[in-house]
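Worksheet: the structure to be examined is printed underneath.
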Amino acid sequence: METILTTATTFSYVGKYLMLALMFLAFLMGVSGAVNALRSRPIWERLTGIFILVMNLVFLFGFLWICWFHYQIYCDFALELPADLVSWLNKRLTVMNSRAAYAFPLLDPANPPRFAVPVWIENEKYYFWFMCYAIMTLVVYRQNKNHRLNAALQLLLAGHVAILFFAADPFKLPLPKFFAELGPWFESEHSPMEQIKHFMGLYPRMIFYYNNPYMWLHPPLLFLAYACITITFVTSVFMLVRQDLSVEVLGYDYAKMGYFLLTLGMLLGYPWALQSWGPNWWWDPKICSSIMMWAIFTTYLHARIHIRKSSMWYFCSALGILCYLSMIFTLLTSYYFPGEHTLQ
């Protein structure tokens, strides 16, 4: 445990300066965005482009730093048990596996199980989500000529960084829930049965959550979709103000990509839910709200086919905004409604 704590301290120390750098860049971007949103002609275009590029580089370095931290967890910690307990436990696991739809891997004393913790859990998921949005903002900034749209995207990006800095910093207190789960394992000496008890408290969580292959596919696809929906939201707001075809096409392109990622991510969550929770998962609040969001998104894409008809321009814009609001509602269900996805 001491090695892991030392690694976490180093991780937090470097991460503190990464977050300060992001916040400083967000301030500069916010000033640039506010000024350009109020002007009829853009200023500081080249300088703002540099700000966004540097912010992306800092985001990417921070993400690599998170990957390094998770790799250190994998290397430094294993659920090691004495050989006699491994033999005893494997017999019990064999009996359990014969009666279950999904089996626990048997233990190898020479290669004890290790945590391959994904890099988008707890507050790290917000970091990944906002990093994806930052990358998309950079792409749009280089392609789009509407300086007010670019300014709105920058202001929203600055707001995302502020949320990270003040409320969801993944570096300040690394993986608190994960380390809280590990805590009993590192307490003073345990009897053999206490060791088994703590092991079986961690091992299912490792197999069906942290080390599950779907954990490396389902969440990142959804966070990429959320970033796309944010772009569509901003363009939809602009569509209500002015009928600019280039803005509408930009929002539609990101909507199509977001819809594909959202659908694929939700489909990949289905077999994972069966493994982890069994058949009684369907009425989880976040799953229900996600289906609602998907239905609204589907309505937006169908309505967009008739964009040239009277009033459909504004109807599609309203649906694009509603998609974003439903995404926020889906996120809030993880905090305020009890279920399998509940975070609090």
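The values are calculated or read from the model by the stated rules, or taken from the named source; none is laboratory data. This is a predicted model, so every value here is computed, not measured. Quick reminder, even Gly has a Cβ in these numbers, built from the backbone with ideal geometry, and neighbours come from all protein chains shown. Accessible surface is based on the protein model in full, side chains and every heavy atom, while ligands, DNA and RNA are left aside. Shrake-Rupley method; radii C 1.70, N 1.55, O 1.52, S 1.80 Å.
The figures follow:
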quantity: FRET E, pair Thr298, Val249, Förster distance 25 Å, beta-carbon r, rounded to 0.05; calculated: 0.80
quantity: Ala116-Thr10 FRET efficiency (beta carbon distance; Förster radius 30 Å; 0.05 resolution); calculated: 0.90
quantity: Hypothetical label at Ala34: residues of region 147-163 whose amide nitrogen lies under 13 Å (7 Å Cα-Cβ projection); calculated: 155-156, 158-159
quantity: Listed residues Gly258, Trp216, Asn90: farthest to the positive end of the dipole of the chain (Cβ charges); calculated: Gly258
quantity: Share of carbon and sulfur in the accessible heavy-atom surface of region 263-317 [1.4 Å probe, %]; calculated: 69 percent
quantity: Region 167-276: trypsin sites (Lys or Arg not before Pro) in DSSP loop, at most 11 other beta carbons within 10 Å; calculated: Arg242
quantity: Average accessible surface area per residue within region 26-99, 1.4 Å rolling probe, Å²; calculated: 57 Å²
quantity: Protein accessible area in region 3-105, 1.4 Å probe - carbon and sulfur %; calculated: 67 percent
quantity: Residue of Pro219, Pro176, Pro118 that the Gaussian network model of the chain assigns the largest fluctuation, springs spanning Cα pairs under 10 Å; calculated: Pro176
quantity: Listed residues Gly49, Gly183, Gly320, most fluctuating in the chain (Gaussian network, C-alpha, under 10 Å); calculated: Gly183
quantity: Farthest toward positive dipole pole in region 84-183 [+1 Lys/Arg, -1 Asp/Glu at C-beta], among Ala116, Ile135, Ala167; calculated: Ile135
quantity: Segment Leu64-Ile305, extension gain: residue separation times 0.36 nm, minus the distance between their alpha carbons; calculated: 82.7 nm
quantity: Accessible surface ranking that places the most exposed of Glu124, Glu189, Glu45, Glu2 first, with a 1.4 angstrom probe; calculated: Glu189, Glu2, Glu45, Glu124
quantity: Chymotrypsin sites (Phe, Trp or Tyr not before Pro) restricted to DSSP loop in region 280-329 with at most 14 other C-beta within 10 Å; calculated: Trp282, Trp283
quantity: Of the DSSP H helices in the chain, those whose Cα atoms cover at least 15 Å axially and whose Kyte score averages 0.5 or more; calculated: 2-38, 45-76, 147-167, 218-241, 245-277, 285-304, 312-336
quantity: Estimated inter-spin distance, Tyr17 and Ser334, nm [label 7 Å along Cα→Cβ]; calculated: 3.0 nm
